[in-house]
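Trainee: First the structure, which I've put down as structure tokens, then a few questions once you've had a look.
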Amino acid sequence: MTPESVTSVRELDCRASQGLQVRLLWREHDDSVWVSVIDIRTRQAFRLRVGADQAPLEVFHHPFAYAACEQQTACAPVHRRLPSNAGGGSPEGRDGRTRTGRH
């Protein structure tokens with residue numbers, strides 16, 4: 001296994017609305033899926049690991065509901081404050097089209 005394969009992460013979907021950027025990510029190495037949420041206005045971020053018994057698109061479309069459930073069961077998401085220059089990226093994907101999360 002090469003170092004690239006261990007750290008290779010693929011973006012499966014993304015969406016942006018009202019200052020929030022939500023990304024659905026997958027790491028092939030361990031087949032893990034998680035949702036990353038960044039609030040550009042407050043520079044707050046968290047991520048949720050998608051459990052084997054959860055539907056990834058459900059977590060992607062409702063990350064705050066899943067975050068609240070995790071906090072109630074003592075499995076809180078990772079919260080961190082972003083640097084002031086973070087989040088300046090565009091909600092556009094690599095192909096230049098704005099992502100809406102609807103397919």
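Trainee: Once you have the Cα-Cα distance between VAL9 and ARG27, take 0.36 nm times their residue separation minus that, and quote the gain in nm to one decimal.
Mentor: Stretched fully, the VAL9-ARG27 segment lengthens by 6.0 nm.
Trainee: Then there is this: Just to be sure I understand the model, the point goes 7 Å from the Cα along the line to the Cβ. What's the resulting ALA52 to ALA68 distance in nm?
Mentor: 2.9 nm
Only the coordinates and a few stated rules stand behind these numbers; no lab work does. Being a predicted model, the structure only gives us computed values, none of them experimental. Cβ coordinates were reconstructed from backbone atoms using ideal geometry, including for glycine residues, and neighbour counts include every protein chain displayed.
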